[in-house]
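The values are calculated or read from the model by the stated rules, or taken from the named source; none is laboratory data. Only a predicted model underlies this, so the values are computations on that prediction, with no experimental measurement involved. Every residue, glycine as well, gets a Cβ built from its backbone with ideal geometry; the counts of neighbours run over all protein chains shown.
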Amino acid sequence: MNGIPNLHLWLLPILPLAGFLVNGLFGRRLPKALVTAVAIIATAIPLIQVATIVARFSSLTLPHVERVATWISAGPFHAGFTFQLDQLTMVMLCVITGVGFLIHVYSIGYMAHEDGYWRYFAYLNLFMFFMLTLVLANNFLLLFIGWEGVGLASYLLIGFYVLKTSAADAGKKAFIYNRVGDFGFLLAMFLMVQHFGTLDYTQVFAQIIAHPAWQGGFLTAIGLLLLLGATGKSAQIPLYVWLPDAMEGPTPVSALIHAATMVTAGVYMVARAHVIFDRSALALGLVAVIGTATAFFAATMAVAQNDIKRVLAYSTVSQLGYMFLGCGVAAYGAGVFHLVSHAFFKALLFLAAGSVIHALSGEQDMRYMGGLRKKIPITFWTMTAAVFAISGFPPLSGFVSKDEILYEAFISPGGKILWFVGLFTAGLTAFYMFRLWYMTFFGKDRTADSEIMAHAKEHGHGHGIHESPWVMLIPLIILAILSVIGGWMGWPAGLGGNEWFTRFLAPVFNTAGLSMNPNVIHAPAGAGSDHLQLILAIVSTLTAAGGWYIAHLMYYARPELPELLAQKFRGVYRMLFNKYWVDEFYGAVIAAPVLFFSRFVLNFLIDRGVIDGAGFTAGATAQGFGSLVARIQSGNIRSYAGWLAFGAMLVLVVTYFVFTGSFMLH
Amino acid sequence: MLNGSILSLITFLPLAGAIILALLPRRGRIIQWWALLVTLATFVLTLHLPAHFEYGHSGFQFVINAPWIAHPAIRYHLGIDGLSMWLVVLTGFLAPIGVLVSWKAIENRTKEFYFLFLIQQTAMLGVFVSLDLFLYYAFWELTLVPMAILIAMFGRTRGPQAAVKFFLYAFIPSALLLVAILWLYAETGTFEFTQLQSAIAAGGLGPQALFWAALVFLVAFAVKVPVFPLHGWLADGLTEAPTAMSMVIAGKLGLYSLIRFNLGLFPQQAREFAPWMIALAVIGLIYGALVALVQRDMKRLVAYSILSQLSFCTLGIFCFSITGLDGAVYQIINEGVSGGALLVLLGILYERYGTFEISEYGGLSKRLPHMATLYVITTLSLIGLPILNGFVGEFLVLSGSFVGHHGWVVAATLGVILSASYMLWFIQRVFYGPPSSLVENRPTADVNFREFVTLWPMVLLMVVMGVASPFWIRGIEDGVRPLANPPMTQPVAQIHGRSLPAQASILKGRQ
């Protein structure tokens, strides 16, 4: 073909799928080493392929589309297995295959002693398949395969410890909450089919661009419905409650799926569909508001958690809120940049937390940790890098990406309040992250009080606190390096950088000629200045330092303070500790009434009462038919033949009479 | 040459097999093997149809049309189009599976069982291929009898009651159906489907009378689907029926007939009924899902889930869009495959533990990992996970019905949340968590070879139908195109006027 290179994009998702099939079908009988090899190769080759694509990226005409096969063709509707590569997909591919590969490697060590090792790796490969499909799709329906598929992988992996009721509950909860979001996504697709006749990105976006007069209206409806989908997948208000429970899964899963990749799918989708959101001030504004609100509330909930993974889970919800905020002020590049840096430092935080948990034979409660920095030094130092990164200290990656979002919010008309809440949340973030840091690594060693560790020791599989094996540490070190230097990709102009990352993505998010809705909250061209950016950077660094200082005070200098404060502000503490009772609220307002209504009104009154009651005559006749039926059951084959003949006779007799009757009518 | 007689062969092979079976000795597993052989042969024959089907036109193929009775003019007229073709193949596919799943489950009165089972096959195949209304009715009626007897004979505890209920529910509307068919004959002098079609289209019949005739057809078929609120027989019938029978008790016969006759013969009246049917479909969809949510018995849970899933088909049928109809027919096949697989799975679980009570189970996945896997894949197919078959059907039905019925489709889409809720909750209670005392105390073997052979083709089909839908939809669309409202040639967006240079260039670029 004349110059258009064939990149075989379909290979990217297919290889992990093959890995899944091999391990899923035969893994039980294969030796552990072979299971490992299959799983690792199935993610390593896509990583290499992505690297080769990166190498020739500048020579490609973008977006680069490769069509493989027709998936659905019904009436006027068509959807294909069509893959697309552009700058946004390229970024996502690097994150997914890169972080994905590292976490596969880490898992070799972390899962070494688990039952169902093969099952774990099969599911992990399955996840890679769906996640790669999600970002490579060229139409919304194919994206939806990945979208629901990652949900499936997440369901399977959260419930990996199948005998634990809480794990099974959490898996189901995640799937159902995601389904609520998918309900919105599906309706958005129906609307798109109605209005555009297709779900292909290229055609949908081209039609919108060709009609500058389409503002709000059905595009708002589509945007809001897509947003509902995004809140499910990316754990935003009102559907975030599944993510903290998802921590029941193995820790590397939390790192890969519930921090670095899957939960960012909502952000990716909003960015991908920005042409739609740009036309609706309401939909995009809501993205910003939901993001900001989620960032804030999740951060407050993180403050009062004692389980190390749950702190990180709420932190993830909160950081995803920042990404939404970035997208919501039409700074999609900034949102995606935070997605990338978050993938580095949050994956690192989870993996380091996993290393801590591994060292403590499964203990996750920070109240039973403390003083670990000398015992597991590499874990400590890598985690420290991540804590400083997420808290937003320059020049680490989290600082750069978060600040870009806050800056964009600040310079957007009407965005100051969003900026302020975001800034305050940044302070909270620093506080709860340093709280975690101090409780885990500093102060008194409280591991002696841990029942879990005592239990493990009793049963002989306990071991002294020890550093993790190298297969786990090397991914930590690589991610730590990325968390530290990742910010250079998008170093802001205000601090002398060239914002390479945002410029790289600019062709995808280019709003020129897009007829953006004038009411959208977003920075007009030329707003802001390098000077302002510098001031805001200083303000947010000071805020982060403030958070650190308070954490230092409360959890290092004067460890009796938290207890005193919790006593003094009992109400507030209980509210945060119980996460605002949102789960309980959903249970009482939705689940319980639905179950009550179904059980008593539908099942008992209507189905048993009315519908069976209507068949009561039939029931009563059944009693009378009893003897007849008994004869039916006689078991002699001749009698059945007789019954058949009888039935046929009956039909014929009726026929005859009706016939003659109808002929007489003539 | 074979094309002329293939449908007769397919239809009557099971009957012939049944007659020979009656003569076989009751020794060893001869009867089972024979039934398996007959059903497999029938299935292989049905594959002739898609292999030699001429795509692209909507008429009937493989037609055989011979006079049978001169007066009244009843003809032996068989034929299929894209609509019925895959249903014939589906029936053929499910038959050997029905035999395999009954292999151990039916130990007593095997001869009676397989005899009636094979007759049931002939009856069902006959329903799909008959183009003479009288012949059709004979087969239709014949489907009821073996089913009712088998429910009565092999029911768990309340078999006879369930059988009578089933029979009365099905028989009374069917008797009325016969009256309506005869009235049509009296008016037009023919039982021939195509002739009736043109006679009715020509407008010779009184609209009032046609309305009632169409209503009788509708009710008879709606009971058989079943459409809410005519499902009173379903839960009991499905619960009591042996697995092989429960797989075919609901769905395809009624839905096929709705499409063939209510849309094919009475298009005008079908459109008059449509608002009601759409409402009932959506109510049934939500209702079935909610009631399934609170069932304690897994077979009843599946019964209500089937009520819910089949309502998708009804919705798609009565919105008259090509996409929706494609989806509806696809969903009929899905329900046969995935719903059938779930019933098979319930059957093999029952064989091991002797109860359908959900609360008796727990933590099975550690004991029976293969079975757990099969259960999970099947339920995922039923709740419409993309890349499995259910999603294609659901998506086409919902998106095809969306235009003009926004409110109803929004409500129907809630079904995706509810189906995930009841199915995953069911899976969780049976397979996850700590093992129950029943599971603890009764160690059993995981899925055995015979069960693997039964289930893997179905699982494979779920995946293949999920990714390669055009293979089926091509033919289905030939069948349903004449029944649909003429499609809007252009999507709404393009009708707003304006040429689309950007899009045009993109389209060109893609070629």
_Per-region count, the stretch A:1-16, residues within 14 Å of chain B (Cβ to nearest Cβ), touching a residue at least 12 places away in the same chain (Cβ under 8 Å) and either surrounded by fewer than 18 Cβ atoms within 10 Å (Cβ to Cβ) or not in a helix (DSSP H, G or I) (or both)_ = 3
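Please pick out the residue among B:Leu343, B:Leu301, B:Leu307, B:Leu293 that is under 30 Å from B:Gln268 (Cβ atoms), touching a residue at least 60 places away in the same chain (Cβ under 8 Å) and surrounded by 22 or more Cβ atoms within 10 Å (Cβ to Cβ).
Values: B:Leu343 fails: under 30 Å from B:Gln268 (Cβ atoms); B:Leu301 fails: under 30 Å from B:Gln268 (Cβ atoms); B:Leu293 fails: under 30 Å from B:Gln268 (Cβ atoms).
After applying the criteria, what remains is B:Leu307.
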*Can you list the helices (runs of 4 or more DSSP H) found entirely within the stretch B:437-502 that contain at least 2 residues being within 19 Å of the chain's Cα centre (by Cα) and modelled with pLDDT of 85 or more?*
B:449-467, B:470-480
*Do you know which residues across the stretch A:495-551 are over 23 Å from A:Gly414 (Cα atoms) and among the charged types (D, E, K, R)?*
A:Glu499, A:Arg503
*So A:Gln207 fits all but one of (1) closer than 19 Å to A:Ala271 by Cβ; (2) within 10 Å of chain B (Cβ to nearest Cβ); (3) of a type in the set (S, T, N, Q); what number is the exception?*
(1)
*asked:* For the stretch A:47-92: of the residues being among the small types (Gly, Ala, Ser) and more than 14 Å from every other protein chain (Cβ to nearest Cβ), which is surrounded by the most Cβ atoms within 10 Å (Cβ to Cβ)?
replied: A:Ala51
*asked:* Given the criterion aliphatic (A, V, I, L, M) and over 30 Å from A:Ala334 (Cβ atoms), identify the matching residue among A:Met516, A:Met439.
replied: A:Met439
*Pick out the one residue from B:Leu177, B:Leu253 that is within 14 Å of another protein chain (Cβ to nearest Cβ), crowded, with 23+ Cβ neighbours inside 10 Å and farther than 25 Å from B:Phe356 by Cα.*
B:Leu177
_Being over 24 Å from A:His78 (Cα atoms) and either crowded, with 22+ Cβ neighbours inside 10 Å or free of Cβ contacts under 8 Å to residues at least 24 places away in the same chain (or both) is the filter here; which residues of the stretch B:369-414 pass it?_
B:Met371, B:Thr373, B:Leu374, B:Tyr375, B:Thr378, B:Thr379, B:Gly407
_Criterion: at pLDDT 95 or above and within 12 Å of chain B (Cβ to nearest Cβ) - qualifying residue of A:Leu239, A:Leu228_ = A:Leu228
_Looking for something farther than 17 Å from B:Ser102 by Cβ, at the interface with chain A (Cβ under 9 Å from one of its Cβ atoms) and at pLDDT 90 or above - is there at least one such residue anywhere in the stretch B:154-161?_
no
_Any hit, the stretch A:150-167, residues being among the polar types (S, T, N, Q), closer than 21 Å to A:Leu47 by Cα, out of contact with any strand residue (DSSP E or B) (no Cβ under 8 Å at 6 or more places or on another chain) and in contact (Cβ under 8 Å) with a residue 60 or more places away in the chain_ = no
*With respect to the numbered conditions (1) crowded, with 24+ Cβ neighbours inside 10 Å; (2) hydrophobic (A, V, I, L, M, F, W, C); (3) closer than 25 Å to A:Ala273 by Cβ, which one is the sole condition not fulfilled by A:Leu102?*
(3)
*Looking only at the stretch A:470-518, count how many residues are surrounded by 15 or more Cβ atoms within 10 Å (Cβ to Cβ) and in a loop (DSSP other than H, G, I, E, B).*
9
*Would you be able to say whether some residue in the stretch A:178-192 is more than 10 Å from chain B (Cβ to nearest Cβ), over 25 Å from A:Leu17 (Cα atoms) and of a type outside the set (Phe, Trp, Tyr)?*
yes
*Can you tell me which residues in the stretch B:434-467 are farther than 17 Å from B:Leu343 by Cβ, surrounded by 16 or more Cβ atoms within 10 Å (Cβ to Cβ) and of a type in the set (A, V, I, L, M, F, W, C)?*
B:Leu438, B:Val439, B:Met465, B:Val467
*asked:* Between A:Gly571, A:Gly587, which is closer than 30 Å to B:Gln295 by Cβ and either more than 14 Å from chain B (Cβ to nearest Cβ) or in a helix (DSSP H, G or I) (or both)?
replied: A:Gly587
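I'd like to know if the stretch B:387-405 contains one or more residues that are under 20 Å from A:Ser598 (Cβ atoms), polar (S, T, N, Q) and in contact with a helix residue (DSSP H, G or I) (Cβ under 7 Å, 6 or more places away or on another chain).
Residues of the stretch B:387-405 under 20 Å from A:Ser598 (Cβ atoms): none.
The answer is no; no qualifying residue exists.
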*Taking A:His78 as meeting all but one of (1) over 30 Å from A:Ile474 (Cα atoms); (2) part of a helix (DSSP H, G or I), write down the number of the exception.*
(2)
*buried (at least 21 other Cβ atoms within 10 Å of the Cβ), under 30 Å from A:Val610 (Cβ atoms) and not hydroxyl-bearing (Ser, Thr, Tyr), is that true of B:Ala274?*
no
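Here is a list: A:Leu219, A:Leu191, A:Leu227. Which entry is closer than 14 Å to B:His406 by Cβ, aliphatic (A, V, I, L, M) and out of contact with any strand residue (DSSP E or B) (no Cβ under 8 Å at 6 or more places or on another chain)? So that I can check it myself, show each step before the final result.
Working: A:Leu219 fails: closer than 14 Å to B:His406 by Cβ; A:Leu227 fails: closer than 14 Å to B:His406 by Cβ.
None of the others qualify; the one that does is A:Leu191.
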*Mind checking which residues of the stretch B:365-394 are outside any helix (DSSP H, G or I) and either within 15 Å of A:Leu152 (Cβ to Cβ) or at the interface with another protein chain (Cβ under 9 Å from one of its Cβ atoms) (or both)?*
B:Ile383, B:Gly384, B:Leu385, B:Pro386, B:Ile387, B:Leu388
*Positions within the stretch B:202-238 being part of a loop (DSSP other than H, G, I, E, B), buried (at least 24 other Cβ atoms within 10 Å of the Cβ) and more than 14 Å from chain A (Cβ to nearest Cβ), in sequence order*: B:Val225
_Regarding the stretch B:48-58, can at least one residue be identified that is assigned to a helix (DSSP H, G or I), in contact with a Lys or Arg (Cβ under 9 Å, 6 or more places away or on another chain) and at pLDDT below 95?_
no
*Going through the stretch A:101-119 one residue at a time, which ones are part of a helix (DSSP H, G or I) and either farther than 17 Å from A:Gly149 by Cα or at pLDDT 95 or above (or both)?*
A:Phe101, A:Leu102, A:Ile103, A:His104, A:Val105, A:Tyr106, A:Ser107, A:Ile108, A:Gly109, A:Tyr110, A:Tyr117, A:Trp118
